[in-house]
Structure formats: C-alpha cells, structure tokens
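Here's the structure we're looking at; comments come further down.
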Amino acid sequence: MQYKPVDYAETDEHRMIQETIRRFVADKLKPIAAEIDEKERFPEEVIKELGELGLLGLVASEEHGGGGHDVIGAAIVAEEISKVCAGTYTSAQGHVFCLHWIEKYGTPEQKAKYVPRLASGEWIGGMAITEPEAGSDVASLKTTAVRDGDEYVVNGNKIFITNANVADVIVCLVRTGGPGPKGISTLIIETDTPGYMASKPFEKLGNRASPTCELALEDCRVPVSNLLGKENKGFIESMVFFPFERALVGVCCGALCEAALDEAVNYCKERKQFGQPIIEFQMVQQMLAEMAVDLQATKMLTRDVLRKYAAGEDANLEASIAKIYGADAAMRVTMNAVQLLGGYGYTREFPVERWFRDAKLFAIGGGTSQIQKLILARGLM
Ligand SMILES: Cc1cc2nc3c(=O)[nH]c(=O)nc-3n(C[C@H](O)[C@H](O)[C@H](O)COP(=O)(O)OP(=O)(O)OC[C@H]3O[C@@H](n4cnc5c(N)ncnc54)[C@H](O)[C@@H]3O)c2cc1C
C-alpha cells in the first residue's frame, strides 16, 4: 500500500494537460529554478513558451485563442509549475488573471485585441490593485482617473504589482467616482503609455523569480475605450476573480506540500545515522506522516473547490478555507522538510529552503489569511 497524493486530473483532457506541463517543467523550468531564484531573474522565455504551448489561456474561449478548458486544467498547470518554482507561477498567475479579466468584462474590440496576445504569450500581463495605503482595504484606493475628452488622465501609485516592469498591458483599478467601493473602475493600460513608470523589483524573501514592483502613474492618458467593464463598477466586478485566485493559491500550497514531502521522503530513505536510514526512526516517521496529512487535507479542500467551480457552483467561502488552511500547511510542511534534511536542508544544495521561503507568500498575497477569516466569519454570521 503506497500513499498517492490527490490527483486533480479527472478526464483524458486533464491528463493530457498534466503530461504536457510536466514534460515542459522538467525540461525547461527545473534546470533553471535555483538560478532564477538566486539571481531574481524573471524567466520571460518560460512564460512565452507556456503561451506558445497554449497553457496560459487554457480557460479562455477558443474564439480568442484560448483552450476552452475548465478550471481544473488551469489548476493542473498551476500545480506543476509551483512544484518546481512558485515564483514562476506567481508571475504566470498575474498574467492569467489579466487575461481572464479582459475576457470576462471586455468589449468585443478589447477581447479581440488583448486576449489572443495574452493567451499566446506574445504579450505579458499583470493586474494592479494594491496601493501603498490600500492593501487589504482595496475600496479605499486613491489612484484617480479623471475624464478629459475621450481619455482618462490617471494619477497615483500602486505597490507590490507582479510583472509591472515586464508587462505589456495591465488591468488597473482606479477611482473614477466618489469614495468607497462604488467609485472604482477598471482600466486596461498599455505599459508603453507615457506616464507609466514601474520601479526596479523589490528584493524579496521568496518568489524571487517573479518581479514585484511599485508603479507610478503620472498623467497617464488612457483612451476611454480602454475602460474595462462598467464605470464605477470595477470593485464589484473585480470581486468575481478573487475567490478563484484564492483557490489557485490553495493549489500552489498543495504543490509545495507535495514537492517538499517527496524530497523529504527520498532524503530520509538515503540518509543514514546511527547505522540506519533516518526514515526508520519513529520520530522522523511521525513528521513525515504529519506532512502527508497536511498535503492530503490541502489537496482535498482545493479539489472540492475546483470541482464546484468546474460545475458552475459557488465555492467562494470554501476557497477562503482552502487558502487559509493551505497557506499554514505549506509553511509547516516546507519547514519540516528543511528540518528533516538537517544541515543540507538549510543550504541551497536542496530546493527545500527555497520552497520554505516561497511558502510564506500564500498567507499574504491574494488577500491575507486574516482577511480570509473575516470573509469566512461573515459567512458564518
Ligand atoms: C510577492 C507579492 C506579489 C503581489 N502581487 C500583487 C499584484 O500583482 N497585484 C496587486 O494588486 N497586489 C499584489 N500584491 C499585494 C497583496 O495583494 C497585498 O500585499 C495583500 O493584499 C495585503 O495588503 P498589504 O500588503 O497592504 O497589507 P495590509 O493590508 O497593510 O495588512 C497588514 C497586516 O494587517 C492585517 N490586517 C489588515 N486588515 C485587517 C483586518 N481588517 N483585520 C485583521 N487583520 C487585518 C493583514 O492580515 C496583515 O497581516 C502582491 C504582494 C506580494 C507580497
């Protein structure tokens, strides 16, 4: 009897996607994963090739150059990339959400212009919501977009924006009306627009292959035709994406648990102390067993959410649960993997220290664990 982690793939199509992404990741990402973390290098070539393979636009409609697949296909891609390099997936995720946003709310012209380019990887995308004074409290954002003829003049600052310095286009939340959530709109901003200025990426603890930047928008003139969705409805419209983003973060958490457990089991079988492989020690077995429980629980929670979304059902609170649990599980499992590899675990000879650093993001990005708990508590009340 051998333990096998939960497999998201349920159909032949899913298995085909899984095979393709596994092969790609083994050939193209695994060999560079340590280097792009070390050098904080954005692997643009990987993102482009993912696009060429059709793996970035899986959920987008075929009409717009996408694959027309369900969300489980997208989750399989997220999982396989994250198992090897969470940072690469963080960038892919910012890109993919830019694409989904435009496909969901875009006019026929906007979809025709942007979605095929993003799906193919020809263009790189991002999404700019967070501001220096508006993180968890998105509705208080201050970046303004003031109408001037057939343009909006955008002024303000965003922070922690994934891909801001490498993107060709971003979707950006701006204030077009009064205070609060009802004065917010979404604009599609091409990054060669004068007044768009991305900073050098932050130096980060983990996810270092993914550039995270400040963004200044100074008298940035955006055509009114680039309004995405309805004016002053941007906040409500954006809320549609966050639960799915949370579900995908849950997938990444499961991926890191799986990668770290695999690495730990292999190491513990090989490493001998006191004349025997350390996996023979019951205290080590207990740690591995607890890691497997975290892995199984995270993946079952996430699979439930994915199945519901694939069936068109609501699973927004369950997505928060999966993210809350998965983020803590990924920290515990990667930390225990470091512990089980002893001194080597603490070095860059093995990937577990990188996964441990990467795992911390999951309780912060895409809505912190505290905010997820507030959402959940509201659901209970
Ligand atoms: C690597 C990385 C990539 C990112 N990529 C993007 C991106 O592409 N686009 C984008 O728009 N943003 C991005 N972000 C921003 C991310 O979404 C925010 O960091 C996150 O939402 C938290 O906001 P904040 O950092 O302002 O923290 P704050 O909101 O200031 O929170 C600080 C602390 O206070 C807690 N807190 C806040 N409010 C409450 C409350 N009501 N009750 C209890 N506790 C509370 C939080 O949980 C947290 O622990 C990224 C962040 C990182 C680190």
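Values quoted throughout were computed directly from the atomic coordinates according to the rules given, and no laboratory measurement underlies them. These numbers were taken from a predicted model, which means no experiment stands behind them. Ideal geometry is used to build each Cβ from the backbone, glycine not excepted, and the neighbour counts take in all protein chains shown.
Over the range 126-232, what portion of Cα pair distances is larger than 23 Å, expressed as a whole percent?
In whole percent, the share of Cα-Cα pairs in the range 126-232 beyond 23 Å is 21.
Restricting to Cα pairs below 8 Å that are 6+ residues apart, what does the relative contact order work out to for the range 101-215? Please round to a whole percent.
24 percent.
Quick check on packing: order 248-261, 155-168 by the mean number of other C-beta atoms within 10 Å, highest mean leading.
248-261, 155-168
Can you work out D for the range 143-185 in µm² s⁻¹ from Stokes-Einstein, where Rh is the Kirkwood radius over C-alpha pairs, the temperature is 25 °C and the viscosity is 0.890 mPa s?
For the chosen part, D equals 211 µm²/s.
Near Asp328, within a Cβ-to-Cβ distance under 12 Å, what is the net charge of the other residues, with Lys and Arg +1 and Asp and Glu -1?
Value of the local net charge: +3.
Which angle between 0 and 90 degrees, to the nearest 10, do you get for helix 86-105 versus the longest principal axis of the chain when only C-alpha atoms count?
The helix 86-105 is inclined about 40 degrees to the chain.
Can you give the net charge of the other residues whose Cβ lies under 14 Å from the Cβ of Gln370, counting K and R as +1 and D and E as -1?
Computed value for this residue: +2.
Please give the helix 282-310 orientation as an angle from the longest Cα principal axis of the chain, in degrees from 0 to 90, rounded to the nearest 10.
30
Under a point-charge model restricted to the Cβ atoms of Lys and Arg (+1) and Asp and Glu (-1), what is the dipole moment magnitude of the chain relative to its Cα centre, in debye to the nearest 20?
Dipole size: approximately 820 debye.
So what's the range 19-114 giving for Cα Rg divided by 2.2 N^0.38 Å, two decimals?
It is 1.10.
Work through the residues other than Glu214 whose Cβ is under 11 Å from its Cβ and net out their charges, Lys, Arg +1 and Asp, Glu -1.
+1
Quick check on the chain: helices-only [θ] at 222 nm, where DSSP H runs of length 4 and up contribute -39,500 (n - 2.57) each and the sum goes over total residues. Nearest 500, please.
My calculation for the chain gives -16000 deg cm²/dmol from helical runs alone.
On C-alpha positions alone, give me the angle between the axis of helix 369-380 and the longest principal axis of the chain, in degrees, nearest 10.
That works out to roughly 80 degrees.
Output needed: percent of Cα pairs per 20 Å distance bin for the chain, bins running from 0 to the one holding the longest distance.
All Cα pairs considered, the percentages come to 29, 57, 13, 1.
Could you work out how far apart the two model spin labels at Met381 and Ser199 are, taking each label as a point 7 Å from the Cα in the direction of the beta carbon, and quote it in nm?
3.5
Given charges of +1 on the Cβ of Lys and Arg and -1 on the Cβ of Asp and Glu, with all other atoms neutral, how large is the dipole of the range 59-147 about its Cα centre, in debye to the nearest 20?
Here the size comes out at about 260 debye.
Label points 7 Å out from Cα along the Cβ direction at Asp219 and Ile364: separation in nm?
Placing both labels 7 Å beyond Cα along the Cβ direction yields 3.5 nm.
Below 8 Å between Cα atoms, with a sequence gap of 6+, how large is the relative contact order for the chain in percent?
Relative CO of the chain lands at 16 percent.
From Cα pairs below 8 angstrom and at least 6 apart in sequence, can you work out the relative contact order of the range 1-139, rounded to a whole percent?
Result for the range 1-139 is 26 percent.
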